Amino acid sequence: MKNMGKNECYDNIVVGGGVSGLTMALLLAMNGRKVILLEKGPAIGGSLRRFYRQGVPLDTGFHFTGGFSEEAILTDMLKILSMDKDIFPEFVKSAEDNQFIFESTGDCHKLPFGWLTVANAMISDFPDEADAVTSYFSRIRKLVQETGAMDIRSILTERPLQSKDDFVTLADVLDSLTDDIRLKSILASLSMCYGSEPSAISFANHSRVVYGLYQSIARVKNGGDAFIRAFKKQLDKFGVTVRTNSSIKSMEEIENRTVGIFILNDGKPLQAKECIFTIHPKEVLKILPSEHLTRAFQKRVESFERSIGFFLFFSRLNLHFRLKPPPYVKIKSLSTVTLHGQLQRSAPIIKIMRMHFTLVIWHLNHFLLP
Ligand SMILES: Cc1cc2nc3c(=O)[nH]c(=O)nc-3n(C[C@H](O)[C@H](O)[C@H](O)COP(=O)(O)OP(=O)(O)OC[C@H]3O[C@@H](n4cnc5c(N)ncnc54)[C@H](O)[C@@H]3O)c2cc1C
């Protein structure tokens, strides 16, 4: 970082105050970094934010979730972020509350919770399709167990990230298993949770999302607001500067692929070693200086659809960067380190996180030309 005297200086700028940006900012701050979070809206939270009509709270982007079972990914993430004491899951307990009804005939299928239980319920509703149901559920379990994606305890082990099911659609798999359109509809019904139709999602990503939802579904007391409050408490504790109504307007003094100064929308200059975007790539393109980007990169991002989809990107931050900062955090796939044993032994989570943690990270330097 250049010596610019009076400019505000940070290790990291995190752009976007939704759950991704909040998580990113907090993990970095817990890791000893000086962080500023920029949110262009009037308040942080993004899609986690609720709105009220006649005093009734309505959630926009957070209604229910899987992953709250013991040792599941959300339970572990909240522990790591020290937010587990502030978030209270309220489990949907009865299959009566998780039913799928065919409007045309009134046929009703209840989906209870737990792997065996839900599979058995499906088999009892579709006895002639027992093999199809068993294959569907075992294929999901196998995928999640064999590829490291939704299990933070073993995310850093040497499991492959992808499987052949990343290259086949949910629709193809269901078609190969059964001709029963009702069964296919029920098995595909949870695709509403990620907003893509069965022919547009890989069976692997479908599996990653529904895996936790078949085990349990929970709402959270006070909905998205509970997360926002818990994040605020932790961001405050770890000294993250949060600026709302704020974004990057331009970048100046770019040398050797490094931005010297970030100019905010109110004209204030900032300096930072790294800038991490948690916003839509097309929005990032509006901010990055086009003269420093490859044409190929710009064309690719411009071609992105405004669709709903999800991807996971893992990176490991190295403890030593605090002593000797590298120009940017190295993106690695998976290392041989495992958190599993350490979490099992209830080691202090923060200490573990200082050594190794995984992040959804998008690093500015990857967009800039050499
Ligand atoms: C209708 C709907 C229902 C959903 N229901 C559920 C559910 O029940 N359970 C569940 O788990 N998930 C649900 N989701 C998904 C979940 O809400 C999202 O995956 C998650 O909130 C995305 O978080 P994010 O931080 O990536 O993005 P966002 O929440 O969109 O946050 C991005 C933030 O970046 C800010 N920003 C944008 N551009 C800039 C800029 N240039 N500078 C600074 N800030 C900027 C935005 O203002 C925003 O605050 C739902 C989503 C939708 C749309």
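Applying the condition of being assigned by TED's automatic domain parsing to the domain that holds Ala230 and of a type in the set (Lys, Arg) to region 43-84 and asking which residue is farthest from the chain's Cα centre (by Cα) yields Arg53. Quick check on Asp225: is it away from the ligand (no atom under 11 Å from the Cβ) and either without any contact (Cβ under 8 Å) to a residue 40 or more places away in the chain or hydroxyl-bearing (Ser, Thr, Tyr) (or both)? Spelling it out, it is not the case that Asp225 is away from the ligand (no atom under 11 Å from the Cβ) and either without any contact (Cβ under 8 Å) to a residue 40 or more places away in the chain or hydroxyl-bearing (Ser, Thr, Tyr) (or both). Just one of the listed residues (Ser250, Ser163, Ser196, Ser207) is more than 16 Å from the ligand (Cβ to nearest atom), over 18 Å from Trp115 (Cα atoms) and small (Gly, Ala, Ser), namely Ser163.
The residues in region 32-78 that are over 25 Å from Thr241 (Cβ atoms) and charged (D, E, K, R) can be counted, and the count is 5. Scanning region 93-108 for residues that are in contact with a helix residue (DSSP H, G or I) (Cβ under 8 Å, 6 or more places away or on another chain) and either over 28 Å from Ala119 (Cβ atoms) or hydrophobic (A, V, I, L, M, F, W, C) (or both) yields Ala95, Phe100, Phe102. Taking into account only those residues within region 253-284 that are of a type in the set (A, V, I, L, M), within 20 Å of Thr294 (Cβ to Cβ) and away from the ligand (no atom under 13 Å from the Cβ), which is surrounded by the most Cβ atoms within 10 Å (Cβ to Cβ)? Residue satisfying both the conditions and the ranking: Val259.
Please work out if Leu22 is under 13 Å from Val242 (Cβ atoms), more than 8 Å from the ligand (Cβ to nearest atom) and buried (at least 20 other Cβ atoms within 10 Å of the Cβ). Against the criterion (under 13 Å from Val242 (Cβ atoms), more than 8 Å from the ligand (Cβ to nearest atom) and buried (at least 20 other Cβ atoms within 10 Å of the Cβ)), Leu22 does not qualify.
Whenever a residue of region 262-282 is under 18 Å from Ala29 (Cβ atoms), its partners that are at pLDDT below 90 and assigned to a strand (DSSP E or B), lying with C-beta atoms within less than 8 angstrom and at least six residues away or across chains, give the pairs Glu274/His363; Ile276/His363. Give the number of residues within region 48-67 that are closer than 13 Å to Phe227 by Cβ and either loosely packed, with under 12 Cβ neighbours inside 10 Å or more than 11 Å from the ligand (Cβ to nearest atom) (or both). So the count comes out to 1. The residues on offer are Asn205, Asn222, and the sole one that is modelled with pLDDT of 90 or more and either within 30 Å of Leu58 (Cβ to Cβ) or among the small types (Gly, Ala, Ser) (or both) is Asn222.
Yes or no, residue by residue, for (1) touching a helix residue (DSSP H, G or I) at 6+ places or on another chain (Cβ under 7 Å); (2) of a type in the set (A, V, I, L, M):
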residue	(1), (2)
Val56	no, yes
Thr60	yes, no
Gly66	yes, no
Glu71	no, no
Leu78	no, yes
Ser82	yes, no
Phe91	no, no
Leu111	yes, yes
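Checking every residue in region 125-132 against the condition of being outside any helix (DSSP H, G or I) and more than 22 Å from Ala171 (Cβ to Cβ) gives zero matches.
The values are calculated or read from the model by the stated rules, or taken from the named source; none is laboratory data. Just so you know, these numbers come straight off a predicted model, no measurement behind them. Cβ: placed from backbone, ideal geometry, glycine included. Neighbour counts: every protein chain shown.
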